[in-house]
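One structure is given here, and the rest of the page talks about it.
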Amino acid sequence: MNNLWHSISNRWLYLAGALFASGLMGFGLFLQYVEHQDPCPLCMVQRVIFIAILALFALAALHGPQRAESAFMRHCLYCCRCWVWVSRLATSGYSTCLQTRFPLVGRGWITC
């Protein structure tokens, strides 16, 4: 199993992350436009963060930052990914906190 993990190129892993983020965005857009479920403002913020995640993974897949001469780009992508993931976790944590503390806010502006 360990040899299989090391034989996979970083580009394929970044492509898998980009496809996963695009699948999440596609499902959110499906729920909004086909199922007619309006997203709350926090869900819209999370969508923007997922678009940033998708862009970073796509950029990393195209660039292939495993080469030694691209150490600066690899570190820049790593810092950007960390910042985006921390903002994603903070937004989803706040959304979960709102939903557990105030279960009836669905009647107001929060529709999750």
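Got a sec? Which of 81, 74 is in contact (Cβ under 8 Å) with a residue 12 or more places away in the chain, not in a loop (DSSP other than H, G, I, E, B) and not aliphatic (A, V, I, L, M)?
That would be 81, the only listed residue that is in contact (Cβ under 8 Å) with a residue 12 or more places away in the chain, not in a loop (DSSP other than H, G, I, E, B) and not aliphatic (A, V, I, L, M).
State the number of residues belonging to the stretch 1-44 that are in a helix (DSSP H, G or I), modelled with pLDDT under 85 and among the aliphatic types (A, V, I, L, M).
Counting residues in the stretch 1-44 that are in a helix (DSSP H, G or I), modelled with pLDDT under 85 and among the aliphatic types (A, V, I, L, M) gives 3.
Being crowded, with 17+ Cβ neighbours inside 10 Å and either in contact with a Cys (Cβ under 9 Å, 6 or more places away or on another chain) or modelled with pLDDT under 85 (or both) narrows it down to one of 104, 54, 77, so name that one.
77
Can you tell which of 24, 4, 31 is of a type outside the set (Phe, Trp, Tyr), out of contact with any strand residue (DSSP E or B) (no Cβ under 9 Å at 6 or more places or on another chain), under 30 Å from residue 64 (Cα atoms) and free of Cβ contacts under 8 Å to residues at least 24 places away in the same chain?
Every option except 4 fails the conditions.
Using the structure shown, decide if residue 30 is surrounded by 10 or more Cβ atoms within 10 Å (Cβ to Cβ) and under 12 Å from the mean Cα position of the chain (by Cα).
The answer is no for residue 30.
State whether one or more residues within the stretch 90-99 are in a helix (DSSP H, G or I), aromatic (Phe, Trp, Tyr), touching a helix residue (DSSP H, G or I) at 6+ places or on another chain (Cβ under 9 Å) and modelled with pLDDT of 85 or more.
no
The values are calculated or read from the model by the stated rules, or taken from the named source; none is laboratory data. The structure presented is a predicted model; accordingly, all values stated were derived computationally and were not measured. As a convention, Cβ positions derive from the backbone with ideal geometry for all residues, glycine included, and neighbour counts pool all protein chains shown.
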